[in-house]
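**Q** Below are the structure tokens for one structure; questions will follow.
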Amino acid sequence: MKSGVTQLYPLPSADRELEGTYLAHDLREYANDSTPYIYANFVTSLDGRIAIPRPDGSGLMVPKNIANERDWRLYQELATQADLIISSGRYLRDWAQGRAQEILQTDNPKFADLRAWRSARGLKPHPDIAIISSSLDFTIPDVLTQDGRKAIFFTTANPDPKRVREIESKAGQVIVAGENSVEGILFAQRAFELGYRVIYSGAGPKILHLLLADGVLDRLYLTFANRVLGGKPFATIMDGALLEPTADFKLDTLYFDAAGVDGLGQLFASYDRL
Ligand SMILES: NC(=O)c1ccc[n+]([C@@H]2O[C@H](COP(=O)([O-])OP(=O)(O)OC[C@H]3O[C@@H](n4cnc5c(N)ncnc54)[C@H](OP(=O)(O)O)[C@@H]3O)[C@@H](O)[C@H]2O)c1
């Protein structure tokens with residue numbers, strides 16, 4: 001029998017299946033007529049590491065000893081509910097080197113129920129993808145625009161027109177959403193104008209900063225794996241200037257997953273921005 005999770009908050013506590021835990025959050029219910037509903041997710045060690053150096057020293061990766069199947073299942077449940085998934089130039093560069101995988105794996109038979117979940121709601125198998133990048137320095141994999149999926153590239157002022165033409169002829173629209181840095185508010189407005197209502201960020205700490213600095217992130221999902229990693233350098237959930245005012249959150253849900261991370265356990269938490 002598959003082991004479940006224990007809901008610790010809101011009280012009273014209750015046991016439930018792991019599968020369906022985040023589908024039950026029903027994020028599409030938050031779609032509204034004025035702003036997109038934006039949520040992000042990270043798995044972190046207890047000492048706040050979301051990424052550590054690759055064994056060959058070239059860049060950072062999610063630590064293998066905190067990534068785990070049970071967290072991945074819930075990650076997939078979050079991505080399933082989106083119209084648009086945010087990723088970055090770094091993701092496409094990793095993809096080109098064979099170091100990245102599909103964000104939402106509805107083509108994987110293991111997640112056939114999630115494909116069916118989308119289909120039952122009239123959604124295509126894959127949400128569209130937003131690539132946030134100043135450099136526009138990446139190659140675009142064919143998979144990004146297959147199965148009716150669109151790619152939209154959010155970038156900074158005065159992009160090289162030749163590069164914009166190249167990208168648009170291959171993959172989709174390039175949209176300027178900031179002067180020196182893509183701004184969360186402009187990103188959210190442009191995405192809303194394009195019809196996106198429910199947006200998932202599977203991207204990293206700089207992108208979380210742009211979403212929080214402009215107050216456009218609605219919910220933050222964090223998985224705390226019961227492990228301390230240490231080491232330098234590392235990435236944590238956010239990278240950028242001090243937030244003034246701070247971004248304040250209220251606990252939405254908390255689940256304990258005793259079976260996760262090789263039986264060490266992990267906490268699945270979600271927070272709503274105040
Ligand atoms: N543990 C987890 O749950 C988790 C989740 C996400 C990521 N990670 C890991 O964390 C590490 C860092 O992730 P990441 O590099 O994707 O994160 P990131 O620092 O958020 O994004 C990196 C790229 O996004 C673009 N970007 C970010 N902010 C921008 C802005 N304001 N304006 C314009 N472009 C902007 C830049 O692309 P250009 O360079 O093309 O301009 C930049 O290189 C990776 O190893 C990743 O695997 C872990």
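The values are calculated or read from the model by the stated rules, or taken from the named source; none is laboratory data. None of these values were measured; they are calculated from a predicted model. Cβ: placed from backbone, ideal geometry, glycine included. Neighbour counts: every protein chain shown.
**Q** Taking the condition of being among the charged types (D, E, K, R), more than 10 Å from the ligand (Cβ to nearest atom) and surrounded by 18 or more Cβ atoms within 10 Å (Cβ to Cβ), how many residues in the stretch 150-188 meet it?
**A** Going through the stretch 150-188 one residue at a time, the tally reaches 0.
**Q** I would also like to ask the following. So is Ala191 modelled with pLDDT of 95 or more, within 14 Å of the ligand (Cβ to nearest atom), more than 15 Å from the chain's Cα centre (by Cα) and surrounded by 21 or more Cβ atoms within 10 Å (Cβ to Cβ) or not?
**A** On the way: modelled with pLDDT of 95 or more: yes; within 14 Å of the ligand (Cβ to nearest atom): no; more than 15 Å from the chain's Cα centre (by Cα): yes; surrounded by 21 or more Cβ atoms within 10 Å (Cβ to Cβ): yes.
Considered against the rule, which asks whether it is modelled with pLDDT of 95 or more, within 14 Å of the ligand (Cβ to nearest atom), more than 15 Å from the chain's Cα centre (by Cα) and surrounded by 21 or more Cβ atoms within 10 Å (Cβ to Cβ), Ala191 comes out as no.
**Q** Out of the residues in the stretch 57-93 that are of a type in the set (Ser, Thr, Tyr) and more than 9 Å from the ligand (Cβ to nearest atom), which is surrounded by the most Cβ atoms within 10 Å (Cβ to Cβ)?
**A** First, pick out the residues of the stretch 57-93 that are of a type in the set (Ser, Thr, Tyr): 58, 75, 80, 87-88, 91.
Then drop every residue that is not more than 9 Å from the ligand (Cβ to nearest atom), which leaves 58, 80.
Numbers: Ser58: 10, Thr80: 25.
Only one residue fits best here, namely Thr80.
This table checks each residue for (1) out of contact with any Ser or Thr (no Cβ under 7 Å at 6 or more places or on another chain); (2) of a type in the set (Ser, Thr, Tyr).
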| residue | (1), (2) |
| --- | --- |
| Gly89 | no, no |
| Leu123 | yes, no |
| Thr139 | yes, yes |
| Asp142 | yes, no |
| Ala151 | no, no |
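**Q** So which residues in the stretch 252-269 are of a type in the set (Gly, Ala, Ser) and part of a loop (DSSP other than H, G, I, E, B)?
**A** Ala258, Ala259, Gly260, Gly263, Gly265
**Q** Of all residues being outside any helix (DSSP H, G or I) and among the hydrophobic types (A, V, I, L, M, F, W, C) in the stretch 69-94, which is farthest from Ile140 (Cα to Cα)? Just the residue, please. Working first, answer last.
**A** In the first step, residues of the stretch 69-94 are kept if they are outside any helix (DSSP H, G or I); the result is 81-88.
With among the hydrophobic types (A, V, I, L, M, F, W, C) added as a condition, the list becomes 82, 84-86.
Values: Ala82: 21, Leu84: 17, Ile85: 16, Ile86: 15 Å.
Among those that are outside any helix (DSSP H, G or I) and among the hydrophobic types (A, V, I, L, M, F, W, C), it is Ala82.
**Q** Sticking with this structure for a sec: Within the stretch 25-34, which residues are among the hydroxyl-bearing types (Ser, Thr, Tyr) and surrounded by 15 or more Cβ atoms within 10 Å (Cβ to Cβ)? First the steps, then the outcome.
**A** Let us first name the residues in the stretch 25-34 that are among the hydroxyl-bearing types (Ser, Thr, Tyr), namely 30, 34.
Residue satisfying the conditions is Tyr30 alone.
**Q** Next up: Among the residues of the stretch 225-259 satisfying the criterion of being under 19 Å from the mean Cα position of the chain (by Cα) and under 14 Å from Val62 (Cβ atoms), which is nearest to the ligand (Cβ to nearest atom)?
**A** Looking at residues that are under 19 Å from the mean Cα position of the chain (by Cα) and under 14 Å from Val62 (Cβ atoms), I get Ala235.
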